[in-house]
1. Looking only at the range 55-110, which residues are polar (S, T, N, Q) and over 28 Å from Ser133 (Cβ atoms)?
2. Looking only at the range 37-62, which residues are free of Cβ contacts under 8 Å to residues at least 40 places away in the same chain and not polar (S, T, N, Q)?
3. Condition first: within 24 Å of Leu40 (Cβ to Cβ) and among the polar types (S, T, N, Q). Now tell me which residues in the range 57-86 satisfy that.
4. Residue under question is Arg17, and the condition is that it be surrounded by 14 or more Cβ atoms within 10 Å (Cβ to Cβ), over 11 Å from the mean Cα position of the chain (by Cα) and either touching a residue at least 40 places away in the same chain (Cβ under 8 Å) or in a helix (DSSP H, G or I) (or both); does it hold?
5. Considering only residues that are among the acidic types (Asp, Glu) and within 17 Å of the chain's Cα centre (by Cα), look in the range 48-91 and name the one that is nearest to Trp120 (Cα to Cα).
6. Of the conditions (1) touching a helix residue (DSSP H, G or I) at 6+ places or on another chain (Cβ under 8 Å); (2) in a helix (DSSP H, G or I), Ala78 clears all except one; give me its number.
7. Got at least one residue in the range 82-97 being farther than 15 Å from Gly10 by Cβ and part of a helix (DSSP H, G or I)?
8. So which pairs qualify, if the first residue must be in the range 102-128 and at pLDDT 80 or above, the second must be of a type in the set (Val, Ile, Thr) and in a loop (DSSP other than H, G, I, E, B), the Cβ gap must be under 9 Å, and the two must be at least 6 apart or on different chains?
Amino acid sequence: MRFLLDAMLGDLARLLRMCGHDAAYALDRGVDADDDLRRLADSEGRVLVTRDRQLAAQASDSVLVTAKDTDEQLRELAADGVDLSLSPGERCGACNGDLARVSKPTALPDYVTDGVDALWRCADCGQYFWRGSHWDDVEARLAEL
């Protein structure tokens, strides 16, 4: 599924990306107005995910999440049939770009941990990703849903 998440759902967008979903975030696109959100979702064939009841009712394809808490939002999406299995190496958590597996380069940014087994890099923003302790924390979080 391809999603467009409104301005209230940035944390949810990042988690959906970790599950391999193409999850565009409205503020990353500079879009905030309801009409613009609907047009963008339609033009890109995306399901609009929103907490705004009126916006959800007006969109051609939408999912309304009612909870403010991100874990509760995840539960709502799971109940709607959205797969929340972690999927390393597919989507950039920062910008939603495609990730590509890379061999470990000789010079890595300081934020990359030593001893990384598998490493991915975003084709769009260049950020590196790996399966570290944060990944394990999110995996445990999703298992509790």
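1. Correct list: Gln58, Ser60, Ser62, Thr66.
2. The answer is Leu37, Arg38, Arg39, Leu40, Ala41, Asp42, Arg53, Ala56, Ala57, Ala59, Asp61.
3. Those that are within 24 Å of Leu40 (Cβ to Cβ) and among the polar types (S, T, N, Q): Gln58, Ser60, Ser62, Thr66, Thr70, Gln73.
4. For Arg17, the condition - surrounded by 14 or more Cβ atoms within 10 Å (Cβ to Cβ), over 11 Å from the mean Cα position of the chain (by Cα) and either touching a residue at least 40 places away in the same chain (Cβ under 8 Å) or in a helix (DSSP H, G or I) (or both) - is not met.
5. Among residues in the range 48-91 that are among the acidic types (Asp, Glu) and within 17 Å of the chain's Cα centre (by Cα), the one nearest to Trp120 (Cα to Cα) is Glu90.
6. Here Ala78 meets the rest and fails (1).
7. no
8. That search, which allows pairs on different chains as well, returns Leu119/Val112; Tyr128/Val112; Tyr128/Val116.
The values are calculated or read from the model by the stated rules, or taken from the named source; none is laboratory data. In this text, all values refer to a predicted model and were calculated from it rather than measured experimentally. As a convention, Cβ positions derive from the backbone with ideal geometry for all residues, glycine included, and neighbour counts pool all protein chains shown.
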